[in-house]
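Read through the structure below, which is laid out as structure tokens, and then see the notes.
What follows is calculated from the coordinates using simple rules that are stated; it is not laboratory data. All values derive from a computational prediction rather than experimental measurement. Neighbour counts run over all protein chains shown; Cβ positions are idealised from the backbone, glycine included.
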There are 2 protein chains.
Amino acid sequence: MARYKKKERQELLLEKVSTDPFLTDEKLSEVFEVSIQTIRLDRLELNIPELRERIKHVAREETEKIRSLSLQEVIGEIIDIELNDHALSLFIVEDGHVFQKNKITRGHYLFAQANSLCVAVIDEPLALTKSADIEFTRASKLGDKVISKAVVEKMDGHTAIITVTSRVEQKLVFKGRFEMYYTDETDEGEKNG
Amino acid sequence: MARYKKKERQELLLEKVSTDPFLTDEKLSEVFEVSIQTIRLDRLELNIPELRERIKHVAREETEKIRSLSLQEVIGEIIDIELNDHALSLFIVEDGHVFQKNKITRGHYLFAQANSLCVAVIDEPLALTKSADIEFTRASKLGDKVISKAVVEKMDGHTAIITVTSRVEQKLVFKGRFEMYYTDETDEGEKNG
DNA sequence: ACTGATGTTAGTACCAACTACTAAATGAGG
DNA sequence: CCTCATTTAGTAGTTGGTACTAACATCAGT
């Protein structure tokens, strides 16, 4: 076994550790067929924290993600809003949002952005989507910054009509017409949101 | 400080540890104003693993979640499929899918289930949603098992028409008519998915 | 007030997976 | 062959525990 040279080993080490943070120095020393001390020197030079810190980091990241997701309650970040009138949100297409083979955004994320924006723009305790007419006009891709605009066209009784357009660099990728049901009661059981 | 009684303390301990898994025995012993040994006895009785195991568990859970999410590529689990004809999927409404205040499912998850099912039922390398007409007929709630059925009505050239109905205990919660674009090329840039 | 059960605390030895440090062995290049 | 970089070995100390033994505290019932 012509073990790797220092530089090469360190590059591979970085990769190994980032793909599987659960590896002990001992396991790594077996993988690379060097002593534990060498692995430790490598980690020191590369500023790779020890196993426990790596695991803690992963765990922290994820509990934070969960928190921010449940806090967010919206896909995309709202950048401008006038209640019962209009709202804008930004959604950046990330790795989890696309088909792996062609990096095209899955339609339901664009729908989710639009749908969330409709819920947000209505200034009532309960707002649920009753129906929608939607169209995907062009493909958006990984890394795209999608700006979605919701405009409230009509509000009467308990129904609002909202049109949404989503664009990437001015080009329309999605448009829809949403019919929303709303009420000032905080719970209700006949429609969906 | 009239420290808690054993039973009470153990209940609070369970809660504490599950909301914040990052607490050491030492910190916990300070919180409850008992000795470290007492905390350790409590953990032993309640089968609460040690700090490191708890952290590891959180980290593992999350890396698995990420993997299964990217593997899944579908919201809901497909339970029956005949390509280019029909498909069924099951989606169980969990905590992250509902509005916190009233536990009603966010519409875009039901849309996502339907949309994913449409993508899955088409036996071509690329299938993207072109447009959809959807309706949310009743609210579904936390814990509901949503069965979605997609039926391919028509396929010609590069367009398929699929109708989807989603039910909870036979009762219709969602229906939609999806127009899908499909092709045997693996990449394409004019439509959305 | 005495006894026994239950609960709490103290203390020891040991473990994994390290850090930080010193020192020796090995290797490869000029 | 010498030298500098690299690798390995070994020791002491750390964190956050387990596992175990033993002592002490508290209260309940008789």
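Distances from residue B:30 to itself in the other copies, using label points 7 Å out along the Cα-Cβ axis, amount to 3.8 nm in increasing order.
The mean number of Cβ atoms from other chains found within 10 Å of a Cβ in peptide B:50-63 is 5, as a whole number.
Listed by chain and number, the lysines whose alpha-carbon sits under 24 Å from that of residue B:171, ignoring those within fewer than 8 places in the same chain, are A:130, A:191, B:101, B:103, B:141, B:145, B:149.
A label point on residue B:84, set 7 Å along the Cα-to-Cβ line, lies at 5.3 nm from each of its counterparts in the other copies, closest listed first. Only Cα sites of chain B enter the Debye sum here, all with the same form factor; the resulting log10 I(q)/I(0) across q = 0.10, 0.18 1/Å is -0.60, -1.11, listed in q order.
Summary for residue B:50: label point 7 Å along Cα→Cβ; distances to the equivalent points in the other copies, ascending, 1.3 nm. Using a simple spin-label model with pseudo-atoms 7 Å out from Cα toward Cβ, residue B:24 and residue B:52 lie 1.3 nm apart. Shielding by partners for peptide B:97-104, expressed as the average number of C-beta atoms from other protein chains within 10 Å of each residue's C-beta, is 4. When the Cα positions of B:98, B:24, B:140 are compared along the charge dipole of chain B, B:24 comes out farthest toward the positive end, with charges on each C-beta of Lys, Arg, Asp and Glu. Here is how the number arises for chain B: DSSP H runs of 4 or more residues each give -39500 (n - 2.57), the sum is divided by the residue count, and the result at 222 nm is -11500 deg cm²/dmol. Taking Cα atoms only, the orientation of helix B:36-46 departs from the longest principal axis of chain B by about 40 degrees. Split chain B at each of the trypsin sites (Lys or Arg not before Pro) in a DSSP loop with at most 11 other beta carbon atoms within 10 Å, and the longest piece is B:6-100. Loop-located GluC sites (Glu not before Pro) in region B:1-67 (DSSP state other than H, G, I, E, B) with a sparse environment of at most 13 neighbouring Cβ atoms within 10 Å: B:33, B:50. Using a cut-off of 17 Å between alpha-carbon atoms, which aspartates and glutamates can reach residue A:175, once sequence neighbours fewer than 8 places away in the same chain are excluded? Result set, ordered by chain and number: A:133, A:135, A:144, A:153, B:133, B:135, B:179, B:190.
Note on region B:74-183: with charges restricted to the Cβ of Lys and Arg (+1) and Asp and Glu (-1), its dipole about the Cα centre is near 660 debye. Could you name the aspartates and glutamates whose alpha carbon sits less than 14 Å from that of residue B:7, not counting residues in the same chain fewer than 8 places away? Straight-line reach from residue B:7, under 14 Å: B:15, B:42, B:45.
For the pair residue B:36 and residue B:95, the difference between a 0.36 nm per residue extended length and the Cα-Cα distance amounts to 17.8 nm.
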